[in-house]
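What follows is one structure encoded as structure tokens, with my remarks underneath.
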Amino acid sequence: MQGGIRAFVSQGSIVKNAVLQHARLANPLKPLLISRYESTSAARIEEQGFESTKISDVLQAKGKGADGSWLWCTTDDSVYDAVKSMTQHNVGALVVVKPGEKSSIAGIITERDYLRKIIVQGRSSKSTKVGDIMTEENKLITVTPDTKVLKAMQLMTDNRIRHIPVIDDKGMQGMVSIGDVVRAVVSEHREELNRLNAFIQGGY
């Protein structure tokens, strides 16, 4: 899947460049003044470019009440209870906070942690605490609401992670998954290609 995501983004850039090139080369026999106007318009479109969507847009689309926008457990909870919560809410990760300090992030626990550190090692999920198997806060990879979606995707694919917390100077703002990010990129590419197609067909 990681390779597929990289290929998708790469192909999106190729398609964009091809459409822009078509826009620049269309009707080369037109007067110079019109050609200059077309070049300026194409340059303006290219400056706007793909990947303008931010993580804050993704969180807004999910909604504050959406399952998975920010689900959490504490370091003292059992792994069993954490996995049960993931299953009930159909998510693959929970933010871990310190007991009694919801604003203080201690780490993150994922389905992968459960498989590798409980199932494979033959440990008991009911007697093991979340704090014993979570990815600790100092090893967390995070983004801010202003991070571009494509940057978030790159971080997730490069580090082979599927969930990433969103944090700013006010604290935890939410959580996005690779699915959220891919949907946002697909939507943006579709809108951008439609806009470029309208431009070369005289819609601008």
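Data table
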read-out: Counted residues, the stretch 165-188 - those being surrounded by fewer than 22 Cβ atoms within 10 Å (Cβ to Cβ), under 8 Å from the mean Cα position of the chain (by Cα) and among the β-branched types (V, I, T); value: 2
read-out: Members of the stretch 101-123 that are touching a residue at least 24 places away in the same chain (Cβ under 8 Å) and surrounded by fewer than 12 Cβ atoms within 10 Å (Cβ to Cβ); value: S103
read-out: Residue within the stretch 171-181 that is of a type outside the set (S, T, N, Q), under 21 Å from D76 (Cα atoms) and in a helix (DSSP H, G or I) present; value: no
read-out: Condition met for L59 (open to solvent by less than 50 Å² (accessible area, probe 1.4 Å), in contact with a strand residue (DSSP E or B) (Cβ under 6 Å, 6 or more places away or on another chain) and assigned to a helix (DSSP H, G or I)); value: yes
read-out: Tally, over the stretch 77-112, of residues that are at pLDDT 95 or above, touching a helix residue (DSSP H, G or I) at 6+ places or on another chain (Cβ under 7 Å) and not in a strand (DSSP E or B); value: 4
read-out: Every residue from the stretch 132-161 that is assigned to a loop (DSSP other than H, G, I, E, B) and touching a Ser or Thr at 6+ places or on another chain (Cβ under 6 Å); value: P145
read-out: Boolean, I45 is surrounded by 14 or more Cβ atoms within 10 Å (Cβ to Cβ), at pLDDT below 90 and outside any helix (DSSP H, G or I); value: no
read-out: Looking only at the stretch 124-135, and only at residues there that are touching a strand residue (DSSP E or B) at 6+ places or on another chain (Cβ under 6 Å) and open to solvent by less than 90 Å² (accessible area, probe 1.4 Å), the one that is farthest from I161 (Cα to Cα); value: V130
read-out: Residues of the stretch 157-169 satisfying the condition of being out of contact with any helix residue (DSSP H, G or I) (no Cβ under 8 Å at 6 or more places or on another chain) and either at pLDDT below 85 or of a type in the set (S, T, N, Q) (or both); value: N159
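The values are calculated or read from the model by the stated rules, or taken from the named source; none is laboratory data. Model, not experiment: these values are computed from the prediction. Neighbour counts run over all protein chains shown; Cβ positions are idealised from the backbone, glycine included. Surface accessibility is based on the protein's heavy atoms, side chains included, excluding ligands, DNA and RNA. Shrake-Rupley method; radii C 1.70, N 1.55, O 1.52, S 1.80 Å.
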